[in-house]
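Here the structure comes first, spelled out in structure tokens, and everything after it is commentary.
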């Protein structure tokens, strides 16, 4: 059975490298990737790149996927960090043993879901994100990827390739 990934992006201002690099890595490995957001259709990234959100994340069952990944970008802070429905669905996915992951501001979303308390994680190395990790009782680690069997976090565009490789490895 083919593996499936759900990538969640904000309704505007996602980071293109953080989306397209791991998405391509997964697709090369034969994983089917679905893009979801708070709206469907064309979404414009931080650098005017375009992506098509196929579904509303609220309309899909995360249990239909092998991995759920929250992608960063400046819109993630504004639209996903405080999205209670998303945070609830991430918690449920984790409880159902689905791999949960986040890159850059997406890693902070995973922290805000309460999934990394007392654990190590990474995020983009700026104070606003590092402080969110610390507020969630998370030990910030300055590296591209922090991978455990149930949660993977990535730091941002510079670590997007390594993040994609970690997702592929986890799904093998």
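General remarks:
- Counting DSSP beta bridges with both ends in region 4-171, the antiparallel % (nearest 5): 25
- Exposure proxy ranking for 97, 4, 39, based on other Cβ atoms within 10 angstrom of each Cβ and starting from the fewest, stands as 97, 39, 4.
- Förster radius 35 Å - calculated FRET efficiency between residue 117 and residue 59 (Cβ-Cβ, nearest 0.05): 0.75
- Cα centroid of region 87-104 to Cα centroid of region 66-80, whole Å: 12
- Segment residue 171..residue 52, full-extension length gain: 40.4 nm, with 0.36 nm per residue of separation and the alpha-carbon distance subtracted.
- Take every pair of alpha-carbon atoms less than 8 Å apart whose residues are at least six positions apart; their mean separation over the length of the chain yields a relative contact order of 22 percent.
- Cα-based radius of gyration of region 4-171 once divided by 2.2 N^0.38 Å, which approximates compact folds: 0.89
- Residues 21, 42, 153, 122, sorted so that the one with the fewest Cβ neighbours within 10 Å comes first: 42, 21, 122, 153
- What the Cβ-Cβ distance of residue 135 and residue 88 gives, at R0 = 30 Å and to the nearest 0.05, is a FRET efficiency of 0.95.
- Calculated Rg and Dmax of region 38-99 using C-alpha coordinates, Å: 12.4, 36
- Sorting 127, 139 by the number of Cβ atoms found within 10 Å of their own Cβ, with the fewest placed first, yields 127, 139.
Every read-out reported here was derived from the displayed coordinates using simple, explicitly stated rules and does not represent laboratory data. All values derive from a computational prediction rather than experimental measurement. Glycine also receives a Cβ, built like all others from the backbone with ideal geometry; neighbour counts cover every protein chain displayed.
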